Amino acid sequence: MSKKELAIGVLGAGGNIGHTHSQNIATYVDGARLAAVYDLNTERAEEVAKTYGAKVMASAEELIASPEIDAVVIASWDGTHADLAVKCIEAGKPVFCEKPLATTLEDAKKVVEAEKASGKRLLQIGFMRRFDPDYIKMKKILDSGELGAPLMAHCISRTRSHPKNHTTEQHITNIAIHEIDICRWLLGENLNEVAVRFPRATCFAEGTCQDPQLVLMQSDSGVLIDVEVSGNSYYGYEILCELVCEKGTIRLPVAAEPIVRSYLQCGQAIPEDWTNRFVVAYQEELQHWVDYLQGKTDVPGPGAADGYEACKISDALIKAQTTGQWEKVEA
Ligand code: NAP
């Protein structure tokens, strides 16, 4: 017997990722439909609703409380996540919450406590790289043990240009949070000590934001991780990761693009942003969420505990940005 189709409501549906999630729910995810949307920007919410045949709600609270909505996606800006997630959990609604779980450890704790009080696993977090086929292959090779123990990880996160109001701290809470999670997941262990170094700043950095930054993290078993976080690469979007093991290395492939030869030149196009790089991962994370809610898999996706652990590490990194020292991650 086929399971009931879940009616999903998307908060922040008019934004970049909110639109992507709305589209994926409406057109890709099996077992779910886009029932309602809400966005502070009503015009954009109406556009999404019209395109995918959903209803526009008057507020986030109305969408969360609506008996017509089975589960909620939070795709609004970082600072709104914790409060909205707690509201969903208190209403007993399963919630898919974009990263980060919260922008402070204190707020992340509130989400974890609300979920604990509910007695149910109600939250999946949008650490979508765990669903990217290339990272999955990397983990399989690492876990097979054929290359021996991992020793180091070299990561690069380059964004073409960051928004004008982007801050030094957001390089951690908004960008490096992906590397924090993917390294925890790849290595299967926690990170306990961190540091941040600031090289010469690029002329493209806006306001007071320190850009680029070099993030350093050490895992429990001693794997040393370095992450270049560039918010103004100028040339495009690029995510790289190489695990250095005792008997070889595993490197994330560069996104497959045709190699073009033209007059005295040979090259590949570089994506402008994340939208084209992680298409499959965005689809698969939502499919997994819906499958879990419908009991088609008993393996939950990344949850509140993963979001909380990542916040502990980002909290220590923000402290390290100021002290210039190696800082311990809260145990
Ligand atoms: P965005 O384009 O600015 O979209 C956010 C949308 O949410 C805007 O339309 C905004 O309206 C609206 N909004 C703000 N507060 C709201 C609230 N309380 N309730 C409902 N809507 C609200 O931002 P984005 O780039 O899509 O990012 C959104 C979130 O997704 C961020 O937390 C970001 O970290 C995350 N994200 C994750 C990935 C990933 O790879 N997993 C990729 C991109 C983004 P206004 O413009 O009027 O404020």
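Each reported figure results from applying straightforward, stated rules to the coordinates on display, with no laboratory input. All values reported here derive from a predicted model rather than from experimental measurement. Counting neighbours? That spans all protein chains shown, and the Cβs are built from the backbone with ideal geometry, glycine included.
The lysines within cross-link reach of Lys93, meaning a Cα-to-Cα straight distance under 22 Å and a gap of 8 or more places when in the same chain, are Lys3, Lys4, Lys55, Lys109, Lys110, Lys116, Lys120, Lys296. Of the peptides 133-146, 33-46, 99-112, the ranking by mean beta-carbon count within 10 Å, highest at the top, reads 99-112, 33-46, 133-146.
Across the stretch 258-331, the relative contact order, built from alpha-carbon pairs under 8 Å that are at least six residues apart, equals 14 percent. Rounded to the nearest 20, the Cβ-based charge dipole of the chain about its Cα centre (Lys and Arg +1, Asp and Glu -1) stands at 400 debye.
Give me the net charge for the shell around Ala58: Cβ to Cβ below 14 angstrom, other residues only, Lys and Arg +1, Asp and Glu -1. Taking every Cβ under 14 Å from that of Ala58, the sum is -4. Computed extension length for Lys137-Trp77: 18.5 nm, one decimal, from 0.36 nm per residue of separation with the Cα-Cα distance subtracted. For the chain, averaging the sequence separation of C-alpha pairs within contact (under 8 Å, six or more residues apart) and dividing by the residue count gives a relative contact order of 19 percent. Cα extents for the chain along the principal axes, largest to smallest and rounded to whole angstrom: 56, 53, 46. Each label point was placed 7 Å from the Cα along the Cα-to-Cβ direction; for Asp220 and Arg200 their separation is 4.2 nm. Against the main long axis of the alpha-carbon atoms of the chain, helix 133-144 sits at an angle near 60°.
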